[in-house]
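Below is one structure, written out as structure tokens; comments come after it.
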Amino acid sequence: MNNIEGYKTYTKQRLKGKHNIISSFFLVYPFIENKKVLDIGCSDGLYLKLFSSESVGIEQMSELVDKARQSGLNVIKGNIMEILLKIVIIFY
């Protein structure tokens, strides 16, 4: 299975409620609670919803972006490498 097929499988499983918060997240959470966070690969907002309402997520799978946005989360659809390249081109 290649990377994109694996991620498509993850997407289907996540939309069915699988893949919940990992326990190590709670070790980091006190340091980022109520902070503005950029969540790269935010899935359907599993963690993003726990951050400040000013936080932003980036996700490439349309189904996950749609679900996150339906929850009122600020999510950009796209590939992080392509987004970063656009930013570099704009500023340089």
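Taken together, the values in this text are just the output of simple stated rules run on the coordinates, not laboratory data. Note that the coordinates shown come from a computational prediction; the quantities given were computed from them, not determined experimentally. Every residue, glycine as well, gets a Cβ built from its backbone with ideal geometry; the counts of neighbours run over all protein chains shown.
A few notes on this one:
- Lysine pair count for the stretch 29-81 with Cα-Cα distance under 14 Å and sequence separation of 8 or more or different chains is 4.
- Toward the positive end of the charge dipole of the stretch 3-91, with +1 on the Cβ of Lys and Arg and -1 on the Cβ of Asp and Glu, the farthest Cα among LEU85, TYR29, ILE4 is that of ILE4.
- Exposed trypsin sites (Lys or Arg not before Pro) absent: longest stretch of the chain, with sites in DSSP loops and at most 15 other Cβ within 10 Å deemed exposed: 37-92
- Calculated mean residue ellipticity at 222 nm for the chain: -13500 deg cm²/dmol, from DSSP H runs with n ≥ 4 weighted as -39500 (n - 2.57), summed, divided by the residue count and rounded to 500.
- The spacing between the stretch 63-89 and the stretch 25-49, judged by their C-alpha centroids, is 15 Å.
- Using the Cβ of ILE83 as centre and a radius below 12 Å, the other residues enclosed give a net charge of 0, where K and R count +1 and D and E count -1.
- Each Lys or Arg adds one and each Asp or Glu subtracts one; over the other residues with Cβ under 9 Å from the Cβ of GLU59, this totals -1.
- Exposed GluC sites (Glu not before Pro) absent - longest run of the chain, DSSP non-H/G/I/E/B, at most 14 other C-beta within 10 Å: 55-92
- All aspartates and glutamates inside 19 Å of LYS16 as judged from Cα atoms, apart from same-chain residues fewer than 8 positions distant: GLU5, ASP44, GLU59, GLU63, ASP66
- Looking at the stretch 1-50, the pairs of alpha carbons with a distance over 12 Å make up 69% of the total.
- Once C-alpha pairs closer than 8 Å and six or more residues apart are averaged by separation and normalised to the residue number of the chain, the relative contact order reads 21 percent.
- Projected onto their three principal axes, the Cα atoms of the stretch 3-91 cover extents of 38, 33, 24 Å, largest first.
- Its Cα centre serving as origin, the chain has a Cβ charge dipole (Lys and Arg +1, Asp and Glu -1) of approximately 180 debye.
- GNM remark for the chain: springs join alpha carbons under 10 Å apart, and the peak mean-square fluctuation among GLY45, GLY72, GLY57 falls on GLY72.
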